[in-house]
Amino acid sequence: MKKSSILFALGLVLIAGCTSKSQIEQAIKSNPEILFNAIKENPKKFLDTVNEAVRVAQEGARDEERKAEETRMEEEFKNPKKPVIDDKHAMFGNKDAPVTIVVYSDFECPYCQRGYQTIKQVQKEFGDKVRIVYKELPLDIHPMAMPAAKYFEAVLLQDPKKAEKFHDAVYENQKDLREGREKFLKDTAKKLGANMAKLEKDVNSETVAAKIKSDMDEAQKFEFSGTPGYLVNGISIKGAYPFPEFKKIIDRVLAANGGAAPAKKE
């Protein structure tokens, strides 16, 4: 069939009345050269149209994601998640702070290193109004994540302050962790004054293994499959979001709480 005849036939279909999608699809399916010739004659216009369609689709998807995220967050403000917080967990900052950020993290994850910097900014900005609870979520794609978690928990059994310094040293020297591996972990612990004999015993203890497993199980319960993950007074943040995302939630929590620390439980 000649090109002119094909276009004429398609034109009759389109102007005959309210044409259904299936009719148009059938016309193009029966005569695909209609579409091919149109593309050949107007390649730039075709690409511009496709790119515009992609842009509109992406914007629509982002809008849907944003609305879904806002809905989820509102639900969590009403029914916040409730992580276990006790003396077994590393806690940085004022223990009576009105805002608690639970961190589920991987010592070797580059995104967790970025998240570490963000949490430092949060601590600087909000001071005693925020406390950080650190929990383990070592991923199997990072070979040094589990060893680092074990060393950290072993140091924590000795001294929470030394554990905090160990935590900071590892995140601030991730490259050395990857290159130095277990030697880096031992050297770091030794520099901080840890009891190395006790440390080497505790690293592979059932106590440390159970603690890490408990953290990982809780992360899975709260649907944190990647790292880092955070709970800000029970409101979840999945990923290495920038400081403003944390500030938005913290400001709202503080406003609802009058900006003061909660009353101590008897």
Worksheet item: Can you give the extra length, in nm with one decimal, that the chain gains between residue 84 and residue 114 once fully stretched, where that is 0.36 nm per residue apart less the Cα-Cα distance?
Response: 8.3 nm
Worksheet entry | Only Lys, Arg (+1) and Asp, Glu (-1) charged, at Cβ; the stretch 72-178 dipole about Cα centre in debye | 140 debye
Response to the item:
Residue by residue through the stretch 180-187, the couplings from Karplus 6.51 cos²θ - 1.76 cosθ + 1.60 with θ = phi - 60°, in Hz, x for Gly and Pro, are x, 6, 5, 4, 4, 5, 5, 4
Worksheet item: Using the beta-carbon distance between residue 140 and residue 33 and R0 = 41 Å, what value does 1/(1 + (r/R0)^6) give for FRET efficiency, to the nearest 0.05?
Response: 0.20
Worksheet item: In whole Hz, what ³J(HN,Hα) sequence does the stretch 124-129 give by Karplus (6.51, -1.76, 1.60; θ = phi - 60°), x for Gly and Pro?
Response: 5, 6, 10, x, 6, 7
Worksheet item: Taking θ as phi - 60°, what are the ³J(HN,Hα) couplings along the stretch 132-142 by the Karplus curve (6.51, -1.76, 1.60), each to the nearest whole Hz, with x for Gly and Pro?
Response: 10, 10, 9, 10, 8, 9, x, 8, 6, 7, 10
Worksheet item: Which order do 78, 162 take when ranked by solvent-accessible area (1.4 Å probe, heavy atoms of all protein chains), largest first?
Response: 78, 162
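In square angstrom, what is the accessible area per residue of the stretch 111-157 with a 1.4 angstrom probe? Spell out each step's value before the answer.
On the way: 2000 Å² over 47 residues.
That works out to 43 Å² per residue.
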Worksheet item: Once the convex hull of the C-alpha atoms of the stretch 67-207 is built, how many Å³ does it hold per residue, rounded to a whole number?
Response: 133 Å³
Worksheet item: What nm value, rounded to one decimal, do you get for the distance between residue 196 and residue 182 when each label is placed 7 Å out toward the C-beta?
Response: 1.4 nm
Discussion item. Out of the total accessible area of the stretch 117-228 (probe 1.4 Å, heavy atoms of protein only), what percent is carbon and sulfur?
Written reply: 48 percent
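The values are calculated or read from the model by the stated rules, or taken from the named source; none is laboratory data. For clarity, every value in this text was computed on a predicted model and none was experimentally measured. Quick reminder, even Gly has a Cβ in these numbers, built from the backbone with ideal geometry, and neighbours come from all protein chains shown. These accessible areas exclude ligands, DNA and RNA; they are computed on the full protein's heavy atoms, side chains included. Shrake-Rupley method; radii C 1.70, N 1.55, O 1.52, S 1.80 Å.
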